[in-house]
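The values are calculated or read from the model by the stated rules, or taken from the named source; none is laboratory data. Note that the structure is a prediction, hence the values are computed from the model and not measured. With ideal geometry, Cβ positions are generated from the backbone for all residues, glycine too; neighbour counts draw on all protein chains shown. Just the protein is used for accessible areas: all its heavy atoms, side chains included, with ligands, DNA and RNA removed. Shrake-Rupley method; radii C 1.70, N 1.55, O 1.52, S 1.80 Å.
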Amino acid sequence: MDAPAGVKTSKDFPIPQSMKAWVLGDPGELTLTDKPVPVPKRAEVLVRIDAVAICATDLEVIYQGPPGMIQGGLPFNKNFTPGHEYMGTVVALGPGVDEYRIGQRVAVEIHAGCGQCKRCREGMYTSCHNYGLNYGDVDKGHRANGFTTDGAFCEYQVNNINTLVAIADDMSDEEGALVVTAGTAMYALTELGGLVAGESVVVSGAGPIGLMVVAVAKALGAQPVILTEMRDDRMKIARALGADFAINISKEPDVAGAVKKLNGGKGVDYVVECSAASKAVNDAVHMVNRGGKICLAAFTHEPALVDIAHVVSNNIYVYGIRGEGKSAVHRAEAFMRQKRFDATKIHTHTFPLADLPTAIRYAKDRVDDAIKVVVKPRLDAARKVAAE
Ligand SMILES: [Zn+2]
Ligand SMILES: [Zn+2]
């Protein structure tokens, strides 16, 4: 990287001119290529990517397109690099940056909002009204790495300092890559939901987000935390992360009734829907108590049939969640720093960057019971390691 005036680098972290980067061609088609190492501008740093986790939303972007949005449209065949759940080491500082130092390990949030729209001013930068307006002669300063700007299936990426979260020295790279996942769970429960200790929570679906919602809910003092799921191995992990009860929905036809039985007959204060099952939203409506809240955290691919009259007559709140916001990721990192839960329980596999297509196949097809699959750019390309 040729550092322009004002950009600080260090001889301890030499930065090459070009890097390996995966780019998205047609849907589902990724090619490993060379790209120039990006240069940080004002209020940005260059992060050397040490670990990137594969998220269900990456699969949406790679195979379907949205919420990826490049040059105002679908992300295909635009030399775009996906990947968004990552951590790394700060290796260059843009002009004027003194909030972080070279060599510092950081987790990163995905979204740097424009900072000037109504939602950004409220701290809800993942709902930025200028989402994706960063192409051609338009530059609203919005970035969502791996969605509207280049992401992390490569070796280096620039990040706005607003998106950085310093991580504890004893946190592994893999755990660091899960900080943002836990941050999403935190955002769902506290910033958007308003959960306080002692309230009851159901999590439907034990994918990575569902499992992190269980862990964060328990760490926040929720009581009880109930998981609904059909795979016994996932139920076991949820119990290890703090779920008080796990209901196997393949053995329980009346799941709403089973939830109520476990919580005094009235239903729970919160349901966080993470399963994407088309019937799950209607089940959630009947699990939540009067005045309770339902957070929708999964992408369903078909419209869901919901008993709206029940929602109306019981004053039920329904809200969607996109990513994280209001510094929820900082709070999640603080919990992880204090060992309030062990996020690494959801990490199952690690691959080198060169093996990204295999890593994606493991995540997508849940090969070998994969939950969270991590890719490490600096891992020896010949090595594939199973998680500890
Ligand atoms: Zn994600
Ligand atoms: Zn904005």
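I want the local charge near Gly193. Using Cβ-Cβ distances under 11 Å, sum +1 for each Lys or Arg and -1 for each Asp or Glu among the other residues.
Result for the neighbourhood of Gly193: -2.
Add +1 for every Lys or Arg and -1 for every Asp or Glu among the other residues with Cβ under 12 Å from the Cβ of Gly113, and state the total. Show your work: numbers first, answer last.
Details: positive: Lys118, Arg119, Arg121, Lys140, Arg143, Arg322, Lys326; negative: Glu109, Glu122, Glu324.
Here the charged neighbours net out to +4.
Kindly report the accessible area of the stretch 235-388 per residue (heavy atoms of protein chains, probe 1.4 Å, no ligands, DNA or RNA), in Å².
50 Å²
Reachable lysines from Lys41, Cα under 29 Å, same-chain residues fewer than 8 places away excluded?
Of all the lysines, those that pass the test against Lys41 - Cα under 29 Å, at least 8 places apart if same chain - are Lys8, Lys11, Lys20, Lys78, Lys118, Lys140, Lys326, Lys376.
Given only helices, namely DSSP H runs of n ≥ 4 each adding -39500 (n - 2.57), what is the per-residue ellipticity at 222 nm of the chain, to the nearest 500 deg cm²/dmol?
-6000 deg cm²/dmol
For Arg322, what accessible surface area do you get with a 1.4 Å probe? Give it in Å², rounded to 10.
70 Å²
Accessible area of Leu93, 1.4 Å probe, to the nearest 10 Å²?
10 Å²
Could you list which residues have their amide H under 5 Å from that of Val271, counting only those 5 or more apart in sequence or on another chain, with H placed in the peptide plane?
Counting only residues 5 or more places away or on other chains, the set is Val202, Lys293, Ile294, Cys295.
Computing the accessible area with a 1.4 Å probe over protein heavy atoms, can you report the carbon and sulfur percentage for the chain?
C and S fraction of accessible area: 50 percent.
Taking a ≥ b ≥ c as the square roots of the Cα gyration tensor eigenvalues, with a/c under 1.5 meaning rounded and otherwise prolate when a/b beats b/c, else oblate, which class fits the stretch 233-386?
Prolate is the answer for the stretch 233-386, as a/c is 1.5 or above and a/b outweighs b/c.
Determine the order of Val312, Val318, Val367 by accessible area, beginning with the largest, at a probe radius of 1.4 Å.
Val312, Val318, Val367
Given a 1.4 Å probe and heavy atoms of the protein chains only, how would you sort Arg143, Arg121, Arg231, Arg101, largest accessible area at the top?
Of Arg143, Arg121, Arg231, Arg101, the descending order of accessible area is Arg121, Arg101, Arg231, Arg143.
Which residues' amide hydrogens lie under 5 Å from the amide hydrogen of Phe351, considering only partners 5 or more residues apart or on another chain, with H built in the peptide plane?
Val374, Val375, Lys376
Where the centre of each part is set by its Cα atoms, how far does the stretch 201-228 sit from the stretch 1-51, in angstrom?
Spelled out, the Cα-based centre of one part sits 36 Å from the other.
How much of Asp150 can a 1.4 Å solvent probe reach, expressed as accessible area in Å² and rounded to 10?
The value for Asp150 is about 50 Å².
Quick one: grab the alpha carbon gyration tensor of the stretch 253-295, order the square roots of its eigenvalues as a ≥ b ≥ c, and give me rounded if a/c is under 1.5, else prolate or oblate depending on whether a/b is larger than b/c.
Values: a/c = 2.23, a/b = 1.29, b/c = 1.73.
It comes out oblate by the Cα gyration axes.
Just order 23-32, 127-136 by mean Cβ neighbour count inside 10 Å, highest at the front, would you?
127-136, 23-32
Is the shape of the chain rounded, prolate or oblate, going by the alpha carbon gyration tensor and its root eigenvalues a ≥ b ≥ c, with a/c under 1.5 for rounded and a/b larger than b/c for prolate? Numbers along the way, then the final one.
Values: a/c = 1.79, a/b = 1.65, b/c = 1.08.
It is prolate, given that a/c is not under 1.5 and a/b is the larger ratio.
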